[in-house]
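Participant: One structure is given below, represented as structure tokens, and several questions about it will come after.
FYI, it's all coordinate maths here, none of it is from the lab. From a predicted model like this one, the values you see are computed outputs, not experimental measurements. Neighbour counts run over all protein chains shown; Cβ positions are idealised from the backbone, glycine included.
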Amino acid sequence: MKIIVITLLAFSVITQAGTPLPPLILKPGSEYADEARMFQGIPAIERAPNGRLWAAWYGGGVTEDKHNYILLVTSGDDGKTWQPVTIVVPHTGRGNPPSMLKLKDGRLALIYGYRAEPYGIRARLSADAGETWSDDIVLRAGAGNWDIGYPRSVQRPDGKVVTIYYYNDSKDSDRYIGATIWDPGKGSGTAR
């Protein structure tokens, strides 16, 4: 009989004061072009407080590999038309579908499995309806290999977010359902 373990962990932030925000690639180069992006999948969508729709998904070259990234598009007319693609997370390791969550204070959260070393579950926050995004917030680190992720989140009445995902502790261990309860804080996208 296998035991399913639910793990509740505190988050850690991998930024330091004065560290510049990660790049938001507004005009992706040829390596991100439709012709070069041979696969993509599993979108997430959320509506910002200003009414804009935001859709995120992962993509890459020929297949899921160590060069995957998370793309983001937005629509101001309920999905009739979409702005050009931007790259919100330029590197995730092997592909992993992101999820999105509108927080009670109006910020947007993008949560995803980071499938490159150091493997783990991460989030980014936007305080300006998706125009800019924070540094990575490490919700959980220390996975044994890249086979993790598929996060889904909900915000509790006290403002904390519960993020669930599948996870592993070592290269050869069984996968299990894990969870992290984290506080997205207030303001411009730092977790406390």
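Participant: Collect residues whose amide H, placed 1.01 Å from N in the peptide plane, falls under 5 Å from the amide H of Y69; neighbours closer than 5 in sequence don't count.
Facilitator: When sequence neighbours closer than 5 places are left aside, the close amide H contacts are G59, T92.
Participant: In what sequence, highest mean first, do 91-103, 127-139 appear when ranked by Cβ atoms within 10 angstrom?
Facilitator: Final packing ranking: 91-103, 127-139.
Participant: Separate question: Could you order the peptides 167-178, 57-68 from most to least packed, using the average number of other C-beta atoms within 10 Å per residue?
Facilitator: Going by the mean number of other Cβ atoms within 10 Å, highest first, we get 57-68, 167-178.
Participant: Also: What percent do you get for the relative contact order of region 113-189 when only Cα pairs under 8 Å and 6+ apart count?
Facilitator: 28
Participant: From the backbone phi of region 153-160, what are the Karplus-calculated ³J(HN,Hα) couplings (6.51 cos²θ - 1.76 cosθ + 1.60, θ = phi - 60°) in whole Hz, Gly and Pro given as x?
Facilitator: Calculated HN-Hα couplings, in order: 9, 9, 9, 7, x, 7, x, 6 Hz.
Participant: Cα convex hull of region 12-178: how many Å³ per residue?
Facilitator: 120
Participant: Based only on Cα atoms, what Rg/Rh ratio does region 37-127 have, Rh being taken as Kirkwood's radius?
Facilitator: Here the Rg-to-Rh quotient is 0.98.
Participant: Taking K102 as the anchor, which aspartates and glutamates have their alpha carbon closer than 13 Å to its alpha carbon, excluding any fewer than eight residues away along the same chain?
Facilitator: E46, D128
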